Amino acid sequence: MEDNEIISLLESRDEKAIEQIRIKYSSYLFTIANNILGDDREAEECVSETCFRAWSSIPPEHPDSLSRYLSSIIRNCALDIIRTRKTAKRLNSEYSLSIDEIGDLISSDGIPEDEIDADFLRNSISSFLRSVPEKQRTVFIRRYFFFDSLKEIAVFNGMSVSSVKVTLFRLRKELKEHLMKEGYYL
């Protein structure tokens, strides 16, 4: 079933929409959640919660891309679980590894102190990502948004794991320089 049909089912409050989301997206959503959480049971709970949140938010929301909308929901759901645990640094997951890699580029507590700083940082990172070639942008986003493993990124992009590591290292260095030029002091 096409995404626009699923969205129409959600808007008409037809419960078949949940079934169609599960059929089309459960594996994709599970992978995102499991990359963040490192726990199959919690990842499956996030998939269920994502279906519920989509059901609750459409309408009034009307996403242009259902896959992006759902991935954003599941990512937030998984991060909510991480925040609840308050032990993200001790987790053995791709999320922890990714955050450790990029942690030096954000404030010392990992979260900008106020909303203005957060907006500035978000916009500055987006600007940086728009300036890099698509393949590098894909590597960065798959690592730091979807929390894919280095191996998964390598396979997806037809690269070696060491090439992915080098690409991420260079991107972090370039991002740091970009943020400093933009006035974000590290």
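Against the criterion of being part of a helix (DSSP H, G or I), assigned by TED's automatic domain parsing to the domain that holds residue 16 and under 17 Å from residue 142 (Cβ atoms), residue 50 does not qualify.
Between 40, 80, 109, the distinction of being over 27 Å from residue 173 (Cα atoms) and modelled with pLDDT under 90 belongs to 80 only.
The values are calculated or read from the model by the stated rules, or taken from the named source; none is laboratory data. Because the structure is a prediction, the values reported are computed rather than measured. Here the Cβ is made from the backbone with ideal geometry for all residues, glycine too, and neighbour counts use every protein chain on show.
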